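The values are calculated or read from the model by the stated rules, or taken from the named source; none is laboratory data. All values derive from a computational prediction rather than experimental measurement. In this analysis, Cβ positions are derived from the backbone assuming ideal geometry, glycine residues included, and neighbour counts consider all displayed protein chains.
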Amino acid sequence: MSISPNKIEAKASEVWFDNDTLRVRLLDGREISVPLEWFPKLRDATPAQRKNLRLIGMGYGIHWEDLDEDISIAELLAV
């Protein structure tokens, strides 16, 4: 039996940053890494602003209040 990727619900469990990369760990164990260049608000933010985040929609998205920035996990997986 195979599992269709469309049926897997991708939810974030952890978010962190390297020097120039946004990293997200999903509940199913996968990790996503994307360049901060893709998200200018995050690229230009201070480390404190980047850390001030919360998972929204039970892990379907990430929100940075200080930056007025929202990123969906589906968006990260679609790129």
Original post:
Somewhere in segment 11-26, is a residue aliphatic (A, V, I, L, M), loosely packed, with under 15 Cβ neighbours inside 10 Å and at pLDDT 95 or above?
Top reply: no
Subject >> Total residues in segment 25-71, condition in a helix (DSSP H, G or I), more than 16 Å from residue 10 (Cα to Cα), in contact (Cβ under 8 Å) with a residue 24 or more places away in the chain and among the hydrophobic types (A, V, I, L, M, F, W, C) >> reply: 3
